[in-house]
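Step one of this worksheet: look at the structure below.
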């Protein structure tokens, strides 16, 4: 290339950068719904459910194997029945008494009804055209609705699960939080999403990804890929990766989420026998709970939904930032890495003219590098293109520049896969509506 061509290219790049730097600043606001506010007019936060909320019936999955054994004995059955029931539920993925032929016929129905009451009723199932992604709408015992999304990738199967009915974090861009927090999900309700998904997989109802999606995996981070759990070259036959990125703020339902994770990693038949490294817990930044998570002695993958590096914007975009600022959340994430040795993921939804400015990429990289190198990976997430909405995807060139700036400062960065957006199953789209 000639010097003249080089100069023209440099001038074009400089012009593009200047244009990008001078782009407008769009301010966050709810569209089509009104954010609940507190007495001071700030977005209202709900960290706990109402004490008057009814709780789901006790289920085998709420308990350890020892606790199940005690419960079975209290009901007048031999203690070893607890292990038999656990094998059916955690290994064969069934709550159907007719399939449990190793149990006495005369007490089988009664025992299953008592220890495995129905938790999730499937209301609707949406599949992508290629059949490799399924979104489930579940109705719980009290009529509350939640969603989960099952995705088959080339060498893993990821389930995005919910941990609360609704969400109390009140983020203006997230469909889940529009109606606030209804209640926390129980340990068993959280676990049952996985058991039900495994049954779908076992029945052959989840197709392999298309060649195009496999190719796209080379350039994008898929859900569950934050974890460094080794993948199976032949492909898994059950859910291999869990991401707590469905409905709700997982760390606001801390006790039940951690109990559910224990059921996931407990060896069968006490639990599902999954690897903790394949489980990703995401939060908008509940700092005390992040520090508590670091002390759990489990090699979980931790993801911080940051979405803005500066408090001026993040206060509006992520209302919990009024309680714990961006630097406090990043500090807690770094402490998680220091205590566990597990690399942290930073989730960053790229929103046109709101948080995708080049200077924000630079600021984000500088803040992460101030804590050290090699401890973090950034996953920018493209929103759906939504004409006429402020909540729309950044332009491709703007996304590319944002990633380039992060990488130029030595921050590992991979654009997030948006699997499931055609069925409203992508990040921020879960709203659990029957219509």
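The values are calculated or read from the model by the stated rules, or taken from the named source; none is laboratory data. Worth saying up front: this structure is predicted, and the values here are computed from it rather than measured. Here the Cβ is made from the backbone with ideal geometry for all residues, glycine too, and neighbour counts use every protein chain on show.
Exactly one residue out of 390, 346, 330 is touching a strand residue (DSSP E or B) at 6+ places or on another chain (Cβ under 8 Å) and over 23 Å from residue 280 (Cβ atoms), and it is 390. Checking each residue in segment 47-57 for being touching a helix residue (DSSP H, G or I) at 6+ places or on another chain (Cβ under 8 Å) and surrounded by 13 or more Cβ atoms within 10 Å (Cβ to Cβ) picks out 47, 56.
Are any of the residues in segment 18-29 within 21 Å of residue 165 (Cα to Cα), within 25 Å of the chain's Cα centre (by Cα) and surrounded by 12 or more Cβ atoms within 10 Å (Cβ to Cβ)? The answer is no; no qualifying residue exists.
Yes/no matrix, rows are residues, columns are (1) in a loop (DSSP other than H, G, I, E, B); (2) assigned by TED's automatic domain parsing to the domain that holds residue 257; (3) under 28 Å from residue 351 (Cα atoms); (4) at pLDDT 95 or above:
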{"residue": "142", "(1), (2), (3), (4)": "yes, yes, no, yes"}
{"residue": "162", "(1), (2), (3), (4)": "yes, yes, yes, yes"}
{"residue": "165", "(1), (2), (3), (4)": "no, yes, yes, yes"}
{"residue": "171", "(1), (2), (3), (4)": "yes, yes, yes, no"}
{"residue": "183", "(1), (2), (3), (4)": "no, yes, no, yes"}
{"residue": "201", "(1), (2), (3), (4)": "no, yes, no, yes"}
{"residue": "212", "(1), (2), (3), (4)": "no, yes, yes, no"}
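A single entry from 180, 143 fulfils the requirement of being touching a strand residue (DSSP E or B) at 6+ places or on another chain (Cβ under 8 Å), surrounded by fewer than 24 Cβ atoms within 10 Å (Cβ to Cβ) and at positive phi: 180. For segment 87-103, the count of residues that are at positive phi and either out of contact with any helix residue (DSSP H, G or I) (no Cβ under 9 Å at 6 or more places or on another chain) or part of a loop (DSSP other than H, G, I, E, B) (or both) is nonzero.
Go through segment 63-75 and count every residue that is surrounded by 21 or more Cβ atoms within 10 Å (Cβ to Cβ) and assigned to a helix (DSSP H, G or I).
Here the count works out to 2.
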